[in-house]
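Asker: Structure in structure tokens, see below.
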Amino acid sequence: MEKKVIIYTQETCPPCFAEKEWLKANDIPFEERDIRKNQEHMKEVIDLGASATPVTVIESIDGKEVIMGFQEDELSQLLKK
């Protein structure tokens with residue numbers, strides 16, 4: 001299983017924009033979930049224990065990693081970029 005990247009965002013979030021641009025620049029496909037446009041996505045973020053965006057979930061055969069905020073070094077390490 002290839003790693004699946006889900007990023008929870010909202011339109012007024014500069015770090016969300018920066019992370020999406022970083023993912024695109026590194027050719028990493030991702031699914032964006034805007035917490036302001038979908039209440040279920042808001043609930044998912046709260047259930048993850050987050051109080052701010054972006055929140056990134058990386059799912060793989062080994063389980064899932066959750067990253068709070070735009071953590072470029074951690075993303076690079078987990079996604080091998």
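Asker: Answer rounded, prolate or oblate for the stretch 1-48, using the Cα gyration tensor with square roots of eigenvalues a ≥ b ≥ c: rounded when a/c is under 1.5, else prolate when a/b is larger than b/c, else oblate.
Answerer: Oblate shape, in that a/c is at least 1.5 and b/c is the bigger or equal ratio.
Asker: Based on the alpha-carbon gyration tensor of the stretch 4-79 and its eigenvalue square roots a ≥ b ≥ c, which shape applies: rounded if a/c is under 1.5, prolate if not and a/b is larger than b/c, or oblate?
Answerer: Working: a/c = 1.69, a/b = 1.22, b/c = 1.39.
Oblate shape, in that a/c is at least 1.5 and b/c is the bigger or equal ratio.
Asker: Next up: Once you have the Cα-Cα distance between Lys3 and Leu78, take 0.36 nm times their residue separation minus that, and quote the gain in nm to one decimal.
Answerer: Working: separation 75, 0.36 × 75 = 27.00 nm, distance 0.94 nm.
Using 0.36 nm per residue and subtracting the Cα-Cα distance, I get 26.1 nm.
Asker: Continuing with this model, one more query. Under a cut-off of 17 Å between alpha-carbon atoms, report the lysines in cross-link reach of Lys20, not counting same-chain residues fewer than 8 places apart.
Answerer: Lys20 reaches Lys3, Lys4, Lys80, Lys81.
Asker: Mind running the shape call on the stretch 41-81? Use the C-alpha gyration tensor, a ≥ b ≥ c as the square roots of the eigenvalues: rounded below 1.5 for a/c, prolate if a/b tops b/c, oblate otherwise.
Answerer: Values: a/c = 3.18, a/b = 1.46, b/c = 2.18.
It comes out oblate by the Cα gyration axes.
Asker: Also: Take the chain, connect every pair of alpha-carbon atoms lying under 10 Å apart with a spring to form a Gaussian network, then pick out the residue of Ile67, Ile58, Ile46 with the largest mean-square fluctuation.
Answerer: Looking only at Ile67, Ile58, Ile46, the biggest GNM fluctuation is shown by Ile46.
Asker: Let me ask you something else. Calculate the spin-label point distance for Val66 paired with Phe17, positioning each point 7 Å from the Cα along the beta-carbon direction, and give it in nanometres.
Answerer: 2.7
Asker: Computed FRET efficiency, Cβ-Cβ of Asn26 and Glu59, R0 25 Å: what is it to the nearest 0.05?
Answerer: Calculated value: 0.90.
Asker: Have a look at the DSSP beta bridges in the chain and tell me what percent are antiparallel, nearest 5. Write down the numbers at each step before the final one.
Answerer: On the way: 11 of 15 bridges.
The answer is about 75 percent antiparallel.
Only the coordinates and a few stated rules stand behind these numbers; no lab work does. Keep in mind that this is a model prediction, so the values were computed, not measured. Heads up, the Cβs are rebuilt from the backbone with ideal geometry, glycines too, and the neighbour counts pull from every protein chain shown.
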